[in-house]
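For reference, the structure is listed below as structure tokens.
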Amino acid sequence: MRLLIMGPPGAGKGTQAAILCDRIGIPHISTGDLFRANLAQGTPLGQEAKKYMDAGEYVPDSVTNGMVRERLKSQDSANGFLLDGYPRTVAQVAELDGMLGGKGLDKVIELTADTDEVVARLINRAAEQGRADDTEEIIRHRLDVYTEQTAPLTALYASRGQLIKVDGLGSVEEVTARISDALSK
Ligand code: AMP
């Protein structure tokens with residue numbers, strides 16, 4: 001299973017991705033997590049990424065693509081994986097197509113969620129995690145960037161017949177059940 005999960009920030013991608021990977025037994029490849037791990041370890045890549053992440057901007061492709069290419073070379077992703085947060089732009093889709101060669105993605109899950117709902121969730125998360133720099137303004141900017149640069153990818157994957165749209169509202173269990181259902185069809 002080669003999967004991708006998409007959706008606006010705050011839609012619950014990370015939570016659902018972790019549950020699915022556990023169930024299916026495939027690695028969860030989250031570019032946000034990879035950047036945060038680099039940041040925690042103080043690597044040059046992490047320091048470079050931080051400038052963009054703090055501002056709610058996308059990290060440049062020159063940094064992001066190489067990181068994903070390296071990760072996908074690991075033995076654990078040979079039999080499948082779930083990508084979370086990559087690709088996020090049309091240019092990254094082309095890069096990923098190249099990395100995967102003839103073996104494209106099997107399914108692309110799009111978690112949908114209402115803007116006001118995700119803004120409320122993200123403001124809550126920022127408060128819980130003590131991320132005072134994650135202001136409502138930056139949160140709304142992240143959503144605008146998603147709408148402009150990433151949302152168009154769903155039409156592209158739909159045209160390839162890979163897209164499954166799943167309502168991201170409801171309890172974690174409800175959403176997991178919807179995704180499992182859609183994947184088994
Ligand atoms: P996430 O945890 O997926 O919301 O990612 C956190 C941040 O990492 C994003 O707001 C971006 O700054 C950066 N990031 C993650 N994935 C990508 C990507 N595919 N391209 C560019 N920047 C990314």
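So the values come out like this:
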read-out: Separation in nanometres of the label points that stand 7 Å from Cα toward Cβ, at residue 74 and residue 99; value: 1.2 nm
read-out: Sparse-neighbour loop sites [trypsin sites (Lys or Arg not before Pro); the stretch 16-79; at most 10 other C-beta within 10 Å; DSSP]; value: 73
read-out: Sparsely packed trypsin sites (Lys or Arg not before Pro) within the stretch 101-180, loop by DSSP, other Cβ within 10 Å at most 16; value: 103, 131, 160
read-out: Sequence-separation-based contact order of the chain, relative, with Cα cut under 8 Å and 6+ spacing, percent; value: 34 percent
read-out: Extension gain, residue 22 back to residue 43 (0.36 nm per residue minus Cα-Cα distance, nm); value: 4.7 nm
read-out: Ratio of the Cα radius of gyration of the chain to 2.2 N^0.38 Å, where N counts its residues; value: 0.99
read-out: Built amide H within the under 5 Å cut-off of residue 163, gap 5+; value: 108, 158
read-out: Using a Förster distance of 45 Å, the FRET efficiency for residue 137-residue 106 (Cβ separation, nearest 0.05); value: 0.75
read-out: Å³ per residue enclosed by the Cα convex hull of the stretch 1-107; value: 107 Å³
read-out: Hz values of 3J(HN,Hα) by residue in the stretch 151-156 - Karplus curve (6.51, -1.76, 1.60), Gly and Pro given as x; value: 3, x, 5, 5, 5, 5
read-out: Phi to ³J(HN,Hα) by Karplus 6.51 cos²θ - 1.76 cosθ + 1.60 over the stretch 138-147, Hz, x for Gly, Pro; value: 5, 4, 5, 5, 4, 5, 5, 4, 4, 4
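A short reminder: the numbers here are calculations on the coordinates, not readings from a lab. Since we're looking at a predicted model, the values are computed, not measured. No Cβ is skipped: glycine too gets one built from the backbone with ideal geometry, and neighbour counts run over all protein chains shown.
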